[in-house]
Amino acid sequence: MLKKWFKKKDPFKVIVAPHDRQFAVTAGHTLLESALAAGLGFPHDCRVGTCGSCRYRLVEGKISELNSSAMGLSAEDFQNGYRLGCQTIVRSDLKVWLPELDENTVPLAVLNGEIRGASLLTENIIELCIVVDGPMNFVPGQYADLEVEAVLGSRSYSFAAPPLVGHEDSLCFHVRHVPGGKFSGWLFGGSRIGAKIKVSGPRGRFHMHGGDGPVVCIGGGTGLAPLKCILEAALKTRLKRPVSFLYGARTQSDLYCLQDIDTLSHQWPVPFTFIPVLSNEPLDSAWTGRRGFVSDYVEEVQDIKNSQAYLCGPPPMVDAAETLLRRYGMPADAIFADRFFDRSMSASQNQI
Amino acid sequence: MDSLRYFLSPVVTSIGVAGFVLGGHFVWLGISTFPVLMILDLVLPPDTDARNIPHAWIADMHLFLQLPLMIGLYAAFLISVKSGRNDLGSGMQLVGSFLSIGWLSAVPTLPIAHELMHRRHWFPRRVAQLLSTFYGEPNRDIAHVTIHHLHLDTRKDGDTAYRGQSVYSFVFTATFHAFADGLHAEALSLRRQGLSAWNWRNKTYQEVLLLICLPAGCLLVGNVTAALVAIIAMAMAKGLVEGFNYYQHYGLIRVEGKPIELHHAWNHLGMIVRPIGSEITNHIHHHLNGYTRFYDLKPEPDAPRMPSLFLCFALGFVPPLWFRFIAKPRLEDWDRRFASPEEKKLAMAANERAGWAQWLEPDLSSGRLSTR
């Protein structure tokens, strides 16, 4: 009898209909947490039992709840057997019915890695290539936290290239040398090939959303990284949506990955327009392209009202672009932004 | 080693217990920890480090020690009254008693209760409810989870102080919303389950019972004055809880329905306030995932920061000073560097309602919101 009581129990299994998926439940975790840890795209948002995003219908099995799911469900849903994944503690093997899966959900991983490449893309942007000790899957547009022993705290950088099948342990980032920046200063301060680095990710919700309309990408500085990553991943799926890509830099020498963008442009199945805009290019230079701020050229984008926009880079640029897109008729829920803050901006602000 | 930091909480509470055991003017020992903690938090450098916790059970110990310690605090108080070591007829000892109990009922009790109410097991949640009784709100978890976590930084959230609101006003509005939202949520939940709002399952009955039990116990074991001390201490603790709560999201703005992001909470990364608060002042990641254990919360030095919480708390007693030296400068910085264009618009509308300057002006030629 004692053996029966104290024998380590097999984890409960959950079958997810109609998606033909199943996963094991981690003891002490909610249904939602176990699903996410298993890599299942269980829709969710608040995680505290109020928004209703993680609703599912219990078909078979026993559960208990942290708080009643009635708090986050309509009376009708509750009476029809729906419950919330974030409040469910699994008490037996379950069969559940889930309306849809969120394909953009990837579990967080913390991996140890080594720097394998650090090549200069411009005089102040490095392409940092890392190999980690396990696969790191991510959704293009997301970012990871990088940490090295020499620098206190981690820094966040967007993945600059989509995951490569069979090489999910190879990761790539674009790092700008920030004046006074501790991490970028360390990276630019010598050869870091072979240095140990910890990668925690993927994080963030910036990604390509579904739709049929045109896509507007607006980037500045290393904001190009996640946009390039998203577009390269989209190319593999033969996405047939016209793209207008506006990219802002200071001078010609700050433009980078032009070959990659040219490749994208030529391989894209429908129109792809790349518009670089330089804000500080000397007037007497040979540059014949656009000059000024990248947001000044938002009005050149065709069919704004039916487009989706992906904005990435310094907050003032993103804010200005967002304001103008809204002014030209783009709905707020069609604009997705990832603002890049840097720690050197905040250091002096946080003194008292 | 990092796990040991959190033992500051049981040490502080134990000092309060010791004060009542010793009796006499030592009853002031509990409240005396407040200025000591404040001074330490001010003079020590900020603490922006993540925690290294190899054994979670050690870090968790202080959470489960707090309830027996608080019971011990009240027991020591009542024994000191009955034995005559604590003369509640003496003004000094009366005031010292409720100040000490009131302070410890808020800090570190609330942060510990907050951590426990988010755990995924009935036992810590029940302990959280009992602990929350000491600061007069046994059902705090209901409004906290159903309203604050969903609506933070919007006008629907009673826990987000609006621009121009003083701490005095906030204590009342937050208290009102906490009870009203909790009552409403419980009733709604029961109705959706096909039950009457008056059903015995309504947790409001438990709340009322617990709120009565504490002073009633003091009356039975002690005397009327002891019961009054309990009531005053609970009310004081409630005021302190909301008083500290005021600084967590003061004046911040979020568009309803938009995701919660890193800039939607103030962070206080003090060397003392982090452990005594069980990391509640380093809590934006808690809003992104409420099940993250307190020691796993990642400090975000890049995210909006406030000075020492104790400094804010002290300055907040004089609202014009708080607004001038901390609130307005920090919010102006937040508006410029963190707020999205939509949030900027809402921020300026909030400034207008508060009678504050419009430090962001629309640039009519380009649609940019520029700074003066």
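Do we find that B:Glu242 is of a type in the set (Asp, Glu), over 29 Å from A:Lys182 (Cβ atoms), in contact with a helix residue (DSSP H, G or I) (Cβ under 9 Å, 6 or more places away or on another chain) and open to solvent by less than 10 Å² (accessible area, probe 1.4 Å) in this structure?
yes
Restricting attention to the range A:110-143, and to residues there that are under 14 Å from the mean Cα position of the chain (by Cα) and within 17 Å of A:Ile197 (Cβ to Cβ), which single residue is surrounded by the fewest Cβ atoms within 10 Å (Cβ to Cβ)?
Checking each candidate, the answer is A:Tyr143.
Keeping to the range B:181-203, report how many residues are open to solvent by 30 Å² or more (accessible area, probe 1.4 Å) and touching a residue at least 24 places away in the same chain (Cβ under 8 Å).
Residues that pass the stated criteria total 2.
For the range B:284-339, enumerate the residues that are aliphatic (A, V, I, L, M), open to solvent by 20 Å² or more (accessible area, probe 1.4 Å) and within 22 Å of B:His148 (Cα to Cα).
B:Leu288
Considering every residue within the range A:40-51, establish whether at least one is loosely packed, with under 15 Cβ neighbours inside 10 Å and touching a residue at least 12 places away in the same chain (Cβ under 8 Å).
No.
Determine the pairs where a residue that is at positive phi, located within the range A:210-223, has a partner that is buried (at least 24 other Cβ atoms within 10 Å of the Cβ) with Cβ atoms under 7 Å apart, the partner being 6 or more residues away or on another chain.
A:Gly221/A:Gly313
How many of the residues in the range B:118-151 are of a type in the set (A, V, I, L, M), touching a helix residue (DSSP H, G or I) at 6+ places or on another chain (Cβ under 6 Å) and modelled with pLDDT under 95?
3
Can you work out which of the residues in the range A:319-339 that are at the interface with chain B (Cβ under 10 Å from one of its Cβ atoms) and under 19 Å from A:Arg205 (Cα atoms) is surrounded by the fewest Cβ atoms within 10 Å (Cβ to Cβ)?
A:Asp333
It is to be established whether one or more residues within the range B:326-339 are small (Gly, Ala, Ser) and assigned to a loop (DSSP other than H, G, I, E, B).
Yes, that holds for at least one residue.
Select from the range A:301-319 the residues that are on the phi < 0 side of the Ramachandran plot, touching a residue at least 60 places away in the same chain (Cβ under 8 Å) and of a type outside the set (Val, Ile, Thr) and list them in ascending order.
A:Gln302, A:Asn306, A:Ser307, A:Gln308, A:Ala309, A:Tyr310, A:Leu311, A:Cys312, A:Pro314, A:Met317
Here is a list: B:Arg126, B:Arg119. Which entry is open to solvent by 50 Å² or more (accessible area, probe 1.4 Å) and either under 22 Å from B:Gln206 (Cβ atoms) or part of a loop (DSSP other than H, G, I, E, B) (or both)?
Exactly one residue qualifies, and that residue is B:Arg126.
Out of all the residues in the range A:70-86, which are within 17 Å of A:Cys51 (Cβ to Cβ), assigned to a helix (DSSP H, G or I), within 9 Å of chain B (Cβ to nearest Cβ) and not acidic (Asp, Glu)?
Of everything in the range A:70-86, those that are within 17 Å of A:Cys51 (Cβ to Cβ), assigned to a helix (DSSP H, G or I), within 9 Å of chain B (Cβ to nearest Cβ) and not acidic (Asp, Glu) turn out to be A:Ala70, A:Met71, A:Ala75, A:Phe78, A:Cys86.
Taking the range A:165-201 on its own, how many of its residues are of a type outside the set (Gly, Ala, Ser), outside any loop (DSSP other than H, G, I, E, B), in contact with a strand residue (DSSP E or B) (Cβ under 8 Å, 6 or more places away or on another chain) and more than 14 Å from chain B (Cβ to nearest Cβ)?
11
Would you confirm, using the coordinates I've provided, whether B:Thr160 is away from chain A (no Cβ under 14 Å), of a type in the set (Val, Ile, Thr), in contact (Cβ under 8 Å) with a residue 40 or more places away in the chain and open to solvent by less than 10 Å² (accessible area, probe 1.4 Å)?
no
Can you find a residue in the range B:256-270 that is farther than 30 Å from B:Phe20 by Cα, within 10 Å of chain A (Cβ to nearest Cβ) and polar (S, T, N, Q)?
Yes, the conditions are met somewhere in the range B:256-270.
Keeping to the range A:202-241, report how many residues are part of a strand (DSSP E or B) and crowded, with 18+ Cβ neighbours inside 10 Å.
7
Here is a yes/no grid of residues against (1) closer than 30 Å to B:Asn52 by Cβ; (2) polar (S, T, N, Q); (3) over 24 Å from the mean Cα position of the chain (by Cα):
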position	(1), (2), (3)
B:Ile272	yes, no, no
B:Pro275	yes, no, no
B:Leu288	yes, no, no
B:Tyr291	yes, no, no
B:Cys312	yes, no, no
B:Phe338	yes, no, yes
B:Gln358	no, yes, yes
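Here's the yes/no breakdown for (1) outside any loop (DSSP other than H, G, I, E, B); (2) in contact with a helix residue (DSSP H, G or I) (Cβ under 8 Å, 6 or more places away or on another chain); (3) surrounded by 19 or more Cβ atoms within 10 Å (Cβ to Cβ):
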| position | (1), (2), (3) |
| --- | --- |
| B:Ser3 | yes, yes, yes |
| B:His25 | yes, yes, no |
| B:Gly30 | yes, yes, yes |
| B:Val36 | yes, no, no |
| B:Ile58 | yes, yes, no |
| B:Leu63 | yes, yes, yes |
| B:Leu67 | yes, yes, yes |
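Residue by residue through the range A:121-147, note down the ones that are within 14 Å of chain B (Cβ to nearest Cβ) and hydrophobic (A, V, I, L, M, F, W, C).
Hits for the range A:121-147 are A:Ala144, A:Leu146.
Which one of these is within 12 Å of another protein chain (Cβ to nearest Cβ), closer than 27 Å to A:Asp45 by Cβ and hydrophobic (A, V, I, L, M, F, W, C): B:Leu252, B:Leu190?
Every option except B:Leu190 fails the conditions.
Going through the range A:56-84 one residue at a time, which ones are of a type in the set (Lys, Arg) and either open to solvent by less than 40 Å² (accessible area, probe 1.4 Å) or free of Cβ contacts under 8 Å to residues at least 40 places away in the same chain (or both)?
Correct list: A:Lys62, A:Arg83.
If you go through the range B:81-88 one residue at a time, do you hit one that is farther than 30 Å from B:Pro307 by Cα, touching a residue at least 40 places away in the same chain (Cβ under 8 Å) and open to solvent by less than 10 Å² (accessible area, probe 1.4 Å)?
yes
Name the residue, out of B:Gly290, B:Gly239, that is touching a Lys or Arg at 6+ places or on another chain (Cβ under 6 Å) and in the same structural domain as B:Gly217 (by TED's automatic domain parsing).
The unique qualifying residue is B:Gly290.
Please find, within the range A:148-164, the residue that is surrounded by the fewest Cβ atoms within 10 Å (Cβ to Cβ) out of those that are within 14 Å of chain B (Cβ to nearest Cβ) and in a strand (DSSP E or B).
Step by step, filter the range A:148-164, then rank; the result is A:Ser156.
Do we have B:Pro54 as surrounded by fewer than 17 Cβ atoms within 10 Å (Cβ to Cβ) and either under 20 Å from the mean Cα position of the chain (by Cα) or at pLDDT 95 or above (or both) here?
No: the conditions fail for B:Pro54.
The values are calculated or read from the model by the stated rules, or taken from the named source; none is laboratory data. The model shown is predicted, which means the values in this text are computed figures rather than measured ones. Note: ideal-geometry Cβ built from the backbone for every residue, glycine included; neighbour counts use all protein chains shown. What goes into the accessible areas is simple: the full protein's heavy atoms, side chains included, and nothing from ligands, DNA or RNA. Shrake-Rupley method; radii C 1.70, N 1.55, O 1.52, S 1.80 Å.
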